[in-house]
Amino acid sequence: MYHEIFNKVFEHSPYNVSVQYLPWKRALNQVAINQAQVSGALPKSDKYLFADLPILTQPLSILTRAKQPLSLTQIKTLVGVWPLTYTEQLMQSDISQFLDGITAHYRADAMALLQKNKVDYYLDIRSILELHLASLPIEQQSHYQIQDLSTLNLYLIFSKDEQGIALKKYYDTTTKQLLEHNTLQAIYKKYNLSIKVDDKTITEN
């Protein structure tokens, strides 16, 4: 989905944008040191130069063995695990007061901790949890449940050099225009995903 939106936004741009595939932390670092101009997506913070609009709005969810949905009061008594990348944003979210647990450098490690009963739940964006759940043997999948707790907006990040600032300006302007003309909505609908802009969830108009 990111690729299709990215290609649509820069389809008629004056920029020659090339895409490289790197491990997540290295990709973010390349933007931080101005060796790449765009990457992501991340929840907003003070660390990077972020796009004005989110590229994706995702449920913030937990993967757990609980048979019934857990209340936030119950979750507060449990130990969870979540990606180190999202720690700062999670601690600023509306559910932060109910979270107690540890971080994992790699998502595979978070999933392994849950499978080994070292934690009570794994907290992440829903689409990632769905991938983890789908990767398990069929007979194991029924042992786990995904429960939505909140939502998280994810944004592309840009380098803070002249190129990154110019690229962000073009991206922001073009994205707004494409949304106004209902051009990007079909892509979100195709993947059954959405973004939330000005408290309005956009999928299809």
Whose amide H sits under 5 Å from the amide H of VAL38, counting only residues 5 or more places off or on another chain, with H placed in the peptide plane? SER159
Please report, as a whole percent, how much of the solvent-accessible surface of region 1-51 comes from carbon and sulfur atoms (probe radius 1.4 Å). 47 percent
Return one whole number: the accessible area per residue of region 1-118 in Å², for a 1.4 Å probe. 58 Å²
HN-Hα J couplings of region 64-79 from phi, Karplus 6.51/-1.76/1.60, θ = phi - 60°, integer Hz, Gly and Pro as x? 8, 8, 4, 6, 10, x, 9, 7, 4, 5, 5, 4, 4, 8, 9, 10
Could you calculate the FRET efficiency of ASP161 with THR87 from 1/(1 + (r/R0)^6), where r is the beta carbon distance between them and R0 is 25 Å, rounded to 0.05? 0.40
Folded to 0 to 90 degrees: helix 126-135 orientation relative to the chain principal axis, Cα: 60 degrees
Find the Rg to Rh ratio for the chain, where Rh is the Kirkwood radius over alpha-carbon pairs and Rg uses the same atoms. 0.99
Collect residues whose amide H, placed 1.01 Å from N in the peptide plane, falls under 5 Å from the amide H of SER150; neighbours closer than 5 in sequence don't count. LEU60
Each residue of region 34-48 in turn: what ³J(HN,Hα) in whole Hz from Karplus with 6.51, -1.76, 1.60 and θ = phi - 60°, glycine and Pro shown as x? 6, 8, 9, 9, 8, 6, x, 10, 9, x, 5, 7, 8, 7, 10
Computed E for VAL19/GLN141 - FRET, C-beta separation, R0 35 angstrom, nearest 0.05: 0.60
List every residue whose amide H lies under 5 Å from the amide H of PHE10, counting only residues 5 or more places away in sequence or on a different chain, with H placed 1.01 Å from N in the peptide plane. none
Say the cut-off is 31 Å between C-alpha atoms; which of LYS76/LYS190; LYS25/LYS189; LYS116/LYS189; LYS76/LYS169; LYS25/LYS67 go over it? LYS76/LYS190; LYS116/LYS189; LYS76/LYS169; LYS25/LYS67
Can you tell me the Rg and Dmax of region 107-205, counting just the alpha carbons, in angstroms? 18.2, 53
For region 30-69, count the residues as N, evaluate 2.2 N^0.38 Å, and divide the Cα radius of gyration by that value, please. 1.74
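The values are calculated or read from the model by the stated rules, or taken from the named source; none is laboratory data. These numbers were taken from a predicted model, which means no experiment stands behind them. Here the Cβ is made from the backbone with ideal geometry for all residues, glycine too, and neighbour counts use every protein chain on show. All accessible areas refer to the heavy atoms of the entire protein, side chains included, with ligands and DNA or RNA removed. Shrake-Rupley method; radii C 1.70, N 1.55, O 1.52, S 1.80 Å.
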